[in-house]
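Enquirer: Here it is: the structure, laid out below.
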Amino acid sequence: MDSTGWHAHRRARKDSERYATVRRGADGKFQAVEEVIPLPDGGQFIGGFHPPASPSPGTPPPVPPKPYRTGYFTHSPTHTRPNYSDYATGSSQLEQTASTSTASHLSQLSPVERSRAQRIARMEPHLQFMVGPLLCYDTVDEDGLWHGAALIVTADSGSVYEPYPVLTYQWDPEEPATPPGKPRGARSFDLGPHPADPHATALSGVALDSDTNNFNGDRKRNPDQTQHVTGQEIYVYAGNGGTFTFWRFLIQLQLGENELRIKYSINGGMQLSFFVPARNQNMRWAAHSCNGFSSGVNQDDFRGPGFKTGYDPMWIDLLQKHAQEPFHVLVGGGDQLYCDSLTREPEMQDWVTRTKPEEKKSHPLTPEIAQCIDRFFFNHYCSSFRNGAFARANSSISGVFPRPSGSTRLPLTKRIDGFGSYPDDLQRSPVFSAIGSRGYFFFLLFQCFINPNIDGLDDRRGYHVCKSLILGAPGPYVGTPSHSRLSYLGPNVWMVLLDCRAERRKDQVCSPFEYQKVFDRLKYLPAAVEHLIVQIGIPIAYPRLVFLETALDSKFNPLTALGRTGALGLGSFVNKFNAEAELLDDLNDHWTAKAHKKERNWFIQQLQGFAKMKRTRVSFLSGDVHCAAVGELKTLVRGNGGKTNRAVEAPPATDFRYMINVVTSAIVNTPPPNGVITMVSTLATKTHKTMHYAETDETMIPLFSHEPDGTPRKQNKFVMGRRNWCAAWWDSQTGEMVFDIRVEKEKGMGDSVSYPVRAPPPQWIPG
């Protein structure tokens, strides 16, 4: 194992040991590792943020791991309580320099301009934000009506709900979507204001785009169209800090001749904006996955000069591209939230530290553990979704998230990963099952803005608030039906977002019922659709690791045997739940695993039949593996003796079997160790014969012929082990679907290099 993997593994092990000792407060209750407090004044104020309330007198502090500085907070490898002393000392030198620069710019303006630039929008009635606003895209119906929603979570103790919160959105049909003359593409590390980010300052970003950061909504001329939506209460979380309300605002917009910039605010507060396409315009969209760091990874290693955290650089890069040419949709490919730190909560320690798998399976779900699981998910979502550039993206680009958040992909350093890929008896055990079911519930709340108890489980037209929803069968472990989606991305492009987690078992990705529902819905796609993007989370055309699966699964595997005894320091080689090899559930989680081979091949063949009959190009989009790659499926061409003769391959445009699998991962997390990248790259040169029986060949595309700095690559042209995300659009000149994988040029610097790949238009006769 190289240094990256070794150090992360070592840090994760030490952190686990620190958290094994639990503490109780003066009131006798456990102290949460992660606890999020409401934001004062709705998060909108000058000069940073006010200090939170001090800990209760006499309350012993939790035992923290070795900290490291990231901006205002002192962090451990997982989020911990804030370091309260930092609030008094103010920002770091870099932040002070940025503030000084911004203030210098403001000093050159007239008094009226200075006042307007720094004026704070006061919400009336007042709301105390926990997180939000977040945006979610649904679909566009046959009448050209855009459907989406916004979500906020507010602390009841500091909010006024008389009347209920109101979202106001407005637009000018004649205003260009990107105002001319604005330096929207100017590079900046400063994220600007945000109503629910404790790091936000009212002075931030005004020098870049005063129109975007116009707090009170004043304009030289008022928009022509204005709509008001009253919030709907969809859930109330009750915790030690009181009660917190989830408010959903449904947004509907009639698409017109022009692309539109939609400006919105809640209760007259800070104005934000997002973009919608013209009626006959195919959308521009961005895709990402793995928005977090694995256990033991020091995120400061990925924080370049000028950035507050290691989370921000690639998100800043995405936002810069959004400023130059706005995205209409943000597609989350899975692992939007890393939940490793759940196992560090004090109530979980009695379960986590059980050494025998049978003891874990029989451990009761106590009221304390059940409360802890809900508290963790609520706090962790609020903390992660309200900070930094990710929060800006969530409030300025409407998102679609088909796959529940997981945890990590770095071998040997994770906690709970691949839910559904463990043995059946473990998945059905009380504690493990509760983690999965409550995790899925909060995923639906925070990422889909859905509460099944409020919205019901009927996806027939007109019966559910989500128009694009396709409900599958109840998951065997989460107890809730899978929530897949079929969404409009333009007259020529649609996307099916397959829920590959709710129904997951060790031997199943999706149930036959879910597949049937999805394919029944696909039958009714409009005739003009030429591209169908299938978002599946995990790669479906990717190098095989069958030999590694076989070795790890063998009872004669010496590493697993030593890991179970803890000998030679290999205790973390096996997971803490069933003493199997830690990497094995990662491999079982993939479409290319032995257990999913039959299902995978069937699914591909069904899509081939759909593509041929409907004359629609099918492309796959996935993430998960912490590197970028592009797989390729195509018609097998046989020569003499049954051998492939590549010289006579059919042009991809006329081949209905031609499908690419764009793998974009991760936007935040560290790439796998170099040894893993080398192994996967070597396997990528192999042509797989898995589907030769179905006249289908499978290879990898050598997309990465050069390094991001321009240096030619002599080897490993198939896999790029750097952080990345993907921009996508339909090329109106060629009819191709363009997937532009944006690879980090230099670690932590916030710049990316383009590696585009194109899916050709369908040019065969349907039927």
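The values are calculated or read from the model by the stated rules, or taken from the named source; none is laboratory data. Nothing here was measured: the structure is a model prediction, and the numbers come from that model. Cβ sites come from the backbone with ideal geometry, for glycine too, and all protein chains shown count toward neighbours. Protein only, heavy atoms only, side chains kept; ligands, DNA and RNA dropped before computing areas. Shrake-Rupley method; radii C 1.70, N 1.55, O 1.52, S 1.80 Å.
Enquirer: If E530 passes every condition in (1) surrounded by fewer than 22 Cβ atoms within 10 Å (Cβ to Cβ); (2) modelled with pLDDT of 95 or more; (3) charged (D, E, K, R) but one, which one does it miss?
Expert: All conditions are met except number (1).
Enquirer: Another one. Do you know which residues across the range 465-479 are touching a helix residue (DSSP H, G or I) at 6+ places or on another chain (Cβ under 6 Å) and surrounded by fewer than 20 Cβ atoms within 10 Å (Cβ to Cβ)? Full working, then the answer.
Expert: As a first pass, look at the range 465-479 and keep what is touching a helix residue (DSSP H, G or I) at 6+ places or on another chain (Cβ under 6 Å): 465, 470, 472-473, 477-479.
Scanning the range 465-479 gives V465, A473, G479.
Enquirer: Only one residue in T309, T343 is at pLDDT below 95, part of a loop (DSSP other than H, G, I, E, B) and over 27 Å from Q535 (Cβ atoms). Which one? Give the steps one after another, and end with the answer.
Expert: Values: T343 fails: part of a loop (DSSP other than H, G, I, E, B).
None of the other options fit; the residue is T309.
Enquirer: Further question: Please enumerate the residues belonging to the range 588-635 that are open to solvent by 10 Å² or more (accessible area, probe 1.4 Å), aliphatic (A, V, I, L, M) and at pLDDT below 95.
Expert: A595, V625
Enquirer: If you don't mind, there's one more thing I want to ask. Can you tell me which residue within the range 376-387, out of those that are at pLDDT below 95 and touching a strand residue (DSSP E or B) at 6+ places or on another chain (Cβ under 6 Å), is nearest to F244 (Cα to Cα)?
Expert: Ranking the qualifying residues of the range 376-387, first place goes to C382.
Enquirer: Something else now. Condition (residue is of a type in the set (G, A, S) and open to solvent by less than 20 Å² (accessible area, probe 1.4 Å)) applied to the range 251-263: is it met by at least one residue? First the steps, then the outcome.
Expert: Quick first cut of the range 251-263, residues of a type in the set (G, A, S) only: 256.
With the extra rule that they be open to solvent by less than 20 Å² (accessible area, probe 1.4 Å), the set shrinks to none.
No, every residue in the range 251-263 fails to be of a type in the set (G, A, S) and open to solvent by less than 20 Å² (accessible area, probe 1.4 Å).
Enquirer: Is it the case that the range 719-731 has a residue that's surrounded by fewer than 18 Cβ atoms within 10 Å (Cβ to Cβ) and either touching a residue at least 60 places away in the same chain (Cβ under 8 Å) or more than 21 Å from N282 (Cα to Cα) (or both)?
Expert: no
Enquirer: Report, ordered by the first and then the second residue, all pairs with beta carbons closer than 7 Å, sequence separation of six or more or different chains, a first member in the range 489-502 that is under 13 Å from L471 (Cα atoms) and touching a residue at least 60 places away in the same chain (Cβ under 8 Å), and a second member that is assigned to a loop (DSSP other than H, G, I, E, B) and of a type in the set (V, I, T).
Expert: Partner pairs satisfying both residue conditions: C500/V509; C500/I538; A502/V478; A502/T480.
Enquirer: Further question on the same structure: If I filter the range 678-695 down to residues being among the polar types (S, T, N, Q) and in contact with a strand residue (DSSP E or B) (Cβ under 6 Å, 6 or more places away or on another chain), which single residue comes out as farthest from I660 (Cα to Cα)?
Expert: Across the range 678-695, the extreme among qualifying residues is S681.
Enquirer: Hey, can you tell me all the residues within the range 489-514 that are assigned to a helix (DSSP H, G or I) and open to solvent by less than 10 Å² (accessible area, probe 1.4 Å)?
Expert: Matches in the range 489-514: E514 only.
Enquirer: Please verify whether I316 is touching a Gly at 6+ places or on another chain (Cβ under 7 Å) and of a type in the set (V, I, T), treating the condition exactly as stated.
Expert: Working: touching a Gly at 6+ places or on another chain (Cβ under 7 Å): yes; of a type in the set (V, I, T): yes.
Taking the combined requirement at face value, the residue satisfies it.
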